[in-house]
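Readers should treat all values here as calculations from the given coordinates under stated rules, not as data from a laboratory. Since the structure is predicted, the reported quantities are computational estimates derived from the model, not experimental observations. Note that we place each Cβ from the backbone using ideal geometry, even for glycine, and neighbour counts take in every protein chain shown.
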Amino acid sequence: ERPVIAGVYYNRLREGWFLSACPTVQYALGYREDEGTWWKHVLLLEDLEVQSPYNTYRHPGLPPGPIASPGLKAIRAAAFPAETDYHFFMVDCTKEDGSHLFAVTEEEHLANFNRCGGVITSP
């Protein structure tokens, strides 16, 4: 799915949208003492408001620096993104393999979100 996800981000940037990438919010939140992890299991709407230049829900374009060291598969996906009409994606709550649900429109994305009980979790 990496090339498809890269395609979604390319579509957003090409059309002047915010990147709105949950991993940048995770990075901005930092270490979660309450969960004992750097990666919060469930992001809340209030988390999307975190004040940080890395929060791509609040700041346009790419973050000011890397948020991780990408592997070869991620680099290939970024270099060769899938050509897709998708603009939205989220973790598929019906599976435990970390796969995603994709959507072209905000309405489709909200339907996926509601199908998952209005909760976005991290794999």
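Here GLY30 meets each of (1) without any contact (Cβ under 8 Å) to a residue 12 or more places away in the chain; (2) touching an Asp or Glu at 6+ places or on another chain (Cβ under 9 Å) with one exception, condition (2).
When PHE80 is tested against (1) aromatic (Phe, Trp, Tyr); (2) out of contact with any His (no Cβ under 8 Å at 6 or more places or on another chain); (3) under 22 Å from GLU1 (Cα atoms); (4) surrounded by 14 or more Cβ atoms within 10 Å (Cβ to Cβ), exactly one condition is not met: (4).
Within region 29-51, does at least one residue satisfy the condition of being closer than 13 Å to ILE5 by Cα, among the hydroxyl-bearing types (Ser, Thr, Tyr), surrounded by 11 or more Cβ atoms within 10 Å (Cβ to Cβ) and out of contact with any Gly (no Cβ under 6 Å at 6 or more places or on another chain)?
no
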